[in-house]
Amino acid sequence: MAVVAHGVLGMWRQLVPDAARGLIAIVALALAVLVGSVAGQLLAIGCGAVLGLGLCRRAGALGVAVFPLHYGRRTAAAVLALFLAGLAVALLCLPATGSPGPLALAAAFYQAGALVFGGGHVVLPLLQHSVVDSGWVTAETFLAGYGAAQAVPGPMFAVAAFLGAEVPLGLPPAVGALIALLALFAPGFLLLLAVLPVWSALARHRAAARAVAGVNAAVVGLLLAALHDPVWTQGIRTPVDLVIAATGFVLLARRHVPAGWVVLWCVAASLLASLAG
């Protein structure tokens, strides 16, 4: 709770600098909460892009990194087709329901990796839908893995390895971890390779800068939605939990204590509170 709240605050300051983008973030939050599931997130991102075109007139130009590419648009189109084919298989042929198996596990995490926008904590509701709602992993185990991931260097997507190892596949846990990790990261890499050849030309358009500014603001709204569910709803269950999380937030925001130490504080304080209770 403390780490996500601190992350939301930092992203709000960076990506929501004016009232127009604040409105977009609130609209995205409302859509994510009211619609729910993957559809709510996609609708929020789409609305963010559309509203950004009309409202984000003050958005600065997009940065363009200049580096050599050793492939052209045909290869990019083939990679995009591969990305879409993987998504179609994940959504239609290998739905993330029923008894867990290697293919179903790969489909669930590929779907989450392909449909998430904003990365990091925004992926939590998608992963929760894939592994908790399906009954593969308990809510308590999901939350424990998420909390442990806060103290591990690297992207939040690394929590996929923990969840993949916990899903009962009847295989060594390392196999499930590897399948989940590769499936979650693969869509992002494929989409990046597909977009790079046209990004320089696209980034020069003012409309693209406004749309991206709107999407960024919508991502902050999605982070707020993730802060509410599953972080708040599953992590804050007693007044003591709220005090521990609030103290951790102050340590991060005001004292600039490293996140790893804040995680240790939350663990220690929670253990002491449980023993005292």
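The values are calculated or read from the model by the stated rules, or taken from the named source; none is laboratory data. Fair warning: this is a prediction, and the values are worked out from it, not measured in the lab. Here the Cβ positions follow ideal geometry from the backbone for every residue, glycine too, while neighbour counts run over all protein chains shown.
Residues in segment 203-228 that are surrounded by fewer than 16 Cβ atoms within 10 Å (Cβ to Cβ) and aliphatic (A, V, I, L, M) were compared, and the one that is nearest to the chain's Cα centre (by Cα) is 203. Within the option set 210, 206, 237, being touching a Leu at 6+ places or on another chain (Cβ under 8 Å) and more than 25 Å from residue 154 (Cα to Cα) holds for one residue only, 210. Close contacts from segment 16-39, counting a first residue that is more than 13 Å from residue 219 (Cβ to Cβ) and a second that is outside any helix (DSSP H, G or I), with Cβ to Cβ under 8 Å and a gap of 6+ residues or different chains, come to 18/58; 20/56; 20/57; 20/58; 22/16. Annotation: of all residues in segment 42-52 being in contact (Cβ under 8 Å) with a residue 24 or more places away in the chain and either among the β-branched types (Val, Ile, Thr) or closer than 14 Å to residue 217 by Cβ (or both), the one that is surrounded by the fewest Cβ atoms within 10 Å (Cβ to Cβ) is 50. For segment 162-181, the candidate set comprises residues that are more than 22 Å from residue 139 (Cβ to Cβ), free of Cβ contacts under 8 Å to residues at least 40 places away in the same chain and not small (Gly, Ala, Ser); within that set, the residue that is surrounded by the fewest Cβ atoms within 10 Å (Cβ to Cβ) is 172.
The criterion of being touching a residue at least 24 places away in the same chain (Cβ under 8 Å), farther than 14 Å from residue 221 by Cβ and over 21 Å from the mean Cα position of the chain (by Cα) holds for residue 72. Within segment 215-237, identify whether any single residue is of a type in the set (S, T, N, Q), in a helix (DSSP H, G or I), more than 30 Å from residue 107 (Cα to Cα) and touching a residue at least 24 places away in the same chain (Cβ under 8 Å), and answer yes or no. No, the conditions are met nowhere in segment 215-237. At least 1 residues being over 18 Å from residue 223 (Cα atoms) is the threshold, and among the helices (runs of 4 or more DSSP H) wholly inside segment 100-203 those reaching it are 102-115, 139-149, 159-166, 173-203. Pairs are defined by a Cβ separation below 7 Å, a sequence spacing of at least 6 or placement on different chains, a first member in segment 146-160 that is under 11 Å from residue 185 (Cα atoms) and assigned by TED's automatic domain parsing to the domain that holds residue 230, and a second member that is surrounded by fewer than 18 Cβ atoms within 10 Å (Cβ to Cβ) and of a type in the set (A, V, I, L, M); the pairs so defined are 158/152.
Keeping to segment 229-249, report how many residues are exposed (fewer than 14 other Cβ atoms within 10 Å of the Cβ) and either of a type outside the set (S, T, N, Q) or at pLDDT below 90 (or both). The qualifying residues number 4. For residue 97, the conditions (1) at pLDDT 85 or above; (2) in a loop (DSSP other than H, G, I, E, B) are fulfilled apart from (1).
Evaluate the following for residue 188: is it touching a Leu at 6+ places or on another chain (Cβ under 9 Å), modelled with pLDDT of 90 or more and assigned by TED's automatic domain parsing to the domain that holds residue 122? Answer is no for this residue.
Here residue 260 meets the list (1) farther than 22 Å from residue 37 by Cβ; (2) within 21 Å of the chain's Cα centre (by Cα); (3) without any contact (Cβ under 8 Å) to a residue 60 or more places away in the chain almost entirely, failing just condition (3).
Of all residues in segment 170-183, which are of a type in the set (A, V, I, L, M) and either out of contact with any Phe, Trp or Tyr (no Cβ under 9 Å at 6 or more places or on another chain) or not assigned by TED's automatic domain parsing to the domain that holds residue 116 (or both)? 171, 174, 175, 178, listed by residue number. Only one of the listed residues (25, 49, 44) is of a type in the set (Gly, Ala, Ser), in a helix (DSSP H, G or I) and in contact with a Leu (Cβ under 6 Å, 6 or more places away or on another chain). That residue is 44.
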